[in-house]
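Asker: Before I ask anything, here is the structure I am working with.
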Amino acid sequence: VVANGGGGGAVGGGGSSNNGGGKSDPECEEMLRRALLVADYSAAVDCCLATNRMADALLLASNGSPELWQRTMAAYFARQSSPLMSITARIMKGELATLVAEAPLGEWEQTLAIATRYGSPEEFPALCNALGDRMANEARDAHAATLCYMGAVNTNAAVSHWVRQAKAAAPIVGLGAALQDLVEKVTLMRRAEAQAGDDDGSAAPAEGAERPESEMVGLYAGLLASYGDLELARRYAAQSGGAAAEGAVGSHGAILTDRLVRASNAAEAATTPFPFESLNVGPSPIANHRLYGIDPAIAAAEAAAKEAEAAAQAEHARQQAEAAA
């Protein structure tokens with residue numbers, strides 16, 4: 001029996017040696033007991049971490065300070081290697097921007113769902129925009145990028161993708177069908193953008209702001225006018241882009257609006273801003289010579305003489321005023 005006990009002791013010693021000098025369970029239990037008696041949760045957690053008792057460490061840290069809880073949670077996640085725990089760590093630490101930047105692009109739906117569930121209203125648009133940029137630039141997935149931009153109410157980015165799709169589809173389905181599909185989506189998205197601005201109190205986009213759908217909406221307005229729907233065509237002509245706002249000099253929308261107004265309402269045409277810049281060019285010296293026989297050189301000399309005479313009269317009047325004073 002003594003020999004067997006000695007053998008057991010030898011085995012036990014070997015186990016202690018293989019532990020690399022770490023604390024045995026009895027030692028750890030004793031340290032935990034002493035730490036808990038004085039409510040030293042930090043020391044108790046350190047003891048559990050040293051012996052890889054992660055569940056005990058988290059349980060004890062939950063009763064300590066917020067700093068202790070954060071430190072223990074970081075130590076726990078540092079020892080995990082599964083992708084799921086990496087995602088969990090980002091969520092619990094509030095590192096959603098890092099999660100979006102590092103998430104696999106093939107799992108973008110999952111990433112968008114996480115941003116939707118755990119992102120605050122303030123950071124959610126930025127998260128969606130960041131994911132949309134990754135899908136557009138790295139994955140080259142216009143559909144996924146558009147959905148992300150729609151979630152962020154980034155109307156210009158979403159509409160830009162729709163415009164490119166409409167231009168690519170026009171030779172296949174026809175210009176009218178491509179424009180109709182584009183205008184329907186753009187109209188709904190612009191209304192959602194305006195509604196979002198009303199809800200959160202932010203300013204709505206300026207009426208004259210540049211819009212990516214300007215050219216296509218202008219084409220749609222022209223198509224409506226060719227079909228005889230002048231009133232609806234005028235409405236879309238006025239919406240066809242920033243510089244194309246109604247009344248903007250030289251813009252396609254202003255020109256089309258002017259034509260539509262003059263075609264449908266003669267009274268209103270008098271008050272509609274003229275879409276072209278007025279410039280009084282006058283007859284040229286060469287035209288005068290050809291039409292009336294006036295030599296351009298003689299005309300120029302006469303004009304110079306008149307200017308000199310006017311300058312002399314002004315100087316004489318100034319001198320008389322000084323003498324009178």
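Asker: Hand me the list of helices (runs of 4 or more DSSP H) wholly inside the stretch 223-276 holding 3 or more residues that are open to solvent by less than 10 Å² (accessible area, probe 1.4 Å) and modelled with pLDDT of 65 or more. Working first, answer last.
Answerer: Numbers: elements: 230-238, 252-264, 266-269.
Helices (runs of 4 or more DSSP H) meeting the threshold: 252-264.
Asker: Could you grab me the full set of residues in the stretch 129-143 that are basic (Lys, Arg) and at pLDDT below 95? Please lay out each step first, then the result.
Answerer: First pass over the stretch 129-143, keeping only residues basic (Lys, Arg): 134, 140.
Matches in the stretch 129-143: Arg140 only.
Asker: Take the conditions open to solvent by less than 80 Å² (accessible area, probe 1.4 Å) and modelled with pLDDT under 85 and apply them to Leu291. Does it pass? Please lay out each step first, then the result.
Answerer: Working: open to solvent by less than 80 Å² (accessible area, probe 1.4 Å): no; modelled with pLDDT under 85: yes.
No; evaluated as a whole, the condition is false for this residue.
Asker: Search the stretch 94-108 for residues that are under 15 Å from Asn129 (Cβ atoms) and pair each with any residue that is open to solvent by less than 30 Å² (accessible area, probe 1.4 Å) and among the small types (Gly, Ala, Ser) when their beta-carbon atoms are under 9 Å apart and the residues are at least 6 apart or on different chains.
Answerer: Taking only residues 6 or more apart or on different chains, the pairs are Leu96/Ala115; Leu96/Gly119; Leu99/Ala115; Val100/Ala115; Trp108/Ala144.
Asker: From the list Arg71, Arg79, exactly one residue is at pLDDT below 90, open to solvent by 70 Å² or more (accessible area, probe 1.4 Å) and closer than 22 Å to Arg90 by Cα. Which is it?
Answerer: Values: Arg71 fails: at pLDDT below 90.
Of the residues listed, the single one that is at pLDDT below 90, open to solvent by 70 Å² or more (accessible area, probe 1.4 Å) and closer than 22 Å to Arg90 by Cα is Arg79.
Asker: May I pose another question? Applying the selection to the stretch 161-182, what residues are within 18 Å of Arg140 (Cα to Cα), buried (at least 19 other Cβ atoms within 10 Å of the Cβ) and of a type in the set (Gly, Ala, Ser)?
Answerer: Listed by number, the list holds a single entry, Ala166.
Asker: Based on what the data block shows, is Leu182 out of contact with any Cys (no Cβ under 8 Å at 6 or more places or on another chain) and under 16 Å from Glu213 (Cα atoms)?
Answerer: Numbers: out of contact with any Cys (no Cβ under 8 Å at 6 or more places or on another chain): yes; under 16 Å from Glu213 (Cα atoms): yes.
When the stated conditions are applied, Leu182 passes them.
Asker: Still on this structure: Quick one: which of Ala44, Ala115 is under 39 Å from the mean Cα position of the chain (by Cα) and either crowded, with 16+ Cβ neighbours inside 10 Å or among the aromatic types (Phe, Trp, Tyr) (or both)? Steps first, please.
Answerer: Numbers: Ala44 fails: under 39 Å from the mean Cα position of the chain (by Cα).
From the options Ala44, Ala115, the qualifying one is Ala115.
Asker: Turning to a different aspect of this structure: So which residues in the stretch 82-103 are of a type in the set (Gly, Ala, Ser) and either on the phi < 0 side of the Ramachandran plot or open to solvent by 60 Å² or more (accessible area, probe 1.4 Å) (or both), if there are any at all? Break it down stepwise before answering.
Answerer: Initial filter on the stretch 82-103 (of a type in the set (Gly, Ala, Ser)): 82, 86, 89, 94, 97, 101, 103.
Within the stretch 82-103, Ser82, Ser86, Ala89, Ala97, Ala101, Ala103 meet the criteria.
Asker: Which one of these is within 29 Å of Gln239 (Cα to Cα) and without any contact (Cβ under 8 Å) to a residue 12 or more places away in the chain: Ala178, Ala144, Ala194, Ala158?
Answerer: Details: Ala178 fails: without any contact (Cβ under 8 Å) to a residue 12 or more places away in the chain; Ala144 fails: without any contact (Cβ under 8 Å) to a residue 12 or more places away in the chain; Ala158 fails: without any contact (Cβ under 8 Å) to a residue 12 or more places away in the chain.
None of the others qualify; the one that does is Ala194.
The values are calculated or read from the model by the stated rules, or taken from the named source; none is laboratory data. Note that this is a predicted model, so its numbers are computed, not measured. As a convention, Cβ positions derive from the backbone with ideal geometry for all residues, glycine included, and neighbour counts pool all protein chains shown. In case anyone asks, the SASA skips ligands and DNA or RNA and just uses the protein heavy atoms, side chains included. Shrake-Rupley method; radii C 1.70, N 1.55, O 1.52, S 1.80 Å.
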